[in-house]
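Only one structure is covered here, and it is reproduced in the block below.
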Amino acid sequence: MEYVPLPAEVYDAPLPLDAYRQAPPVEDEAAAIEHLMDTTEWRENREYWLRRAALSDRRALVATVDSLLQGEAQSDAWLLREFDDTQGTSAGKHPPFADEWHSAGGSRPYVRQEYVAWLAHRGQHR
């Protein structure tokens, strides 16, 4: 089935508060990412890229004037989109390079969509 983008007026990217409501504390998430780096082939591990992008997004949200953190969040989000596009691992409603992400102003809303989907999937398998 061919992907048909939604018109901008019905676009539904998760808001940061909704996306990260059930996320672990930042320090715990950073430790989990370090653990993934130590125990997996992280370059090929989607969970690593997703959690890294989500953590960068969360850090940038609280440090709105820090351009380094903003750039890192955008870069990590782009890397997740590229990983998902290459591997076919996107779990959310809109694929990695859908027009919706351009109209939403960047890659970070994609991370939020994918994080919400990952948390929902993870919660079903506990």
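The values are calculated or read from the model by the stated rules, or taken from the named source; none is laboratory data. Bear in mind that the values here come from a model prediction, so they are computed numbers and not experimental data. For neighbour counting, all protein chains shown are included, and Cβ atoms are generated from backbone atoms with ideal geometry for every residue, glycine included. SASA here: full protein model, heavy atoms, side chains in, ligands and nucleic acids out. Shrake-Rupley method; radii C 1.70, N 1.55, O 1.52, S 1.80 Å.
So that you can scan it fast, the table gives a plain yes or no per residue for (1) closer than 20 Å to residue 95 by Cβ; (2) more than 16 Å from the chain's Cα centre (by Cα); (3) surrounded by 12 or more Cβ atoms within 10 Å (Cβ to Cβ):
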{"residue": "14", "(1), (2), (3)": "yes, no, yes"}
{"residue": "30", "(1), (2), (3)": "no, no, yes"}
{"residue": "33", "(1), (2), (3)": "no, no, yes"}
{"residue": "36", "(1), (2), (3)": "no, yes, yes"}
{"residue": "39", "(1), (2), (3)": "no, yes, no"}
{"residue": "50", "(1), (2), (3)": "yes, no, yes"}
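So, of the residues in region 102-126 that are open to solvent by 30 Å² or more (accessible area, probe 1.4 Å), assigned to a helix (DSSP H, G or I) and of a type in the set (Gly, Ala, Ser), which turns out to be modelled with the lowest pLDDT?
Result: 103.
Going by the structure shown, is residue 98 open to solvent by less than 30 Å² (accessible area, probe 1.4 Å) and under 22 Å from residue 28 (Cα atoms)?
no
Can you give me the number of residues within region 40-73 that are of a type in the set (S, T, N, Q) and at pLDDT 95 or above?
2
Of all residues in region 70-83, count the ones that are open to solvent by less than 40 Å² (accessible area, probe 1.4 Å) and touching a Lys or Arg at 6+ places or on another chain (Cβ under 7 Å).
4
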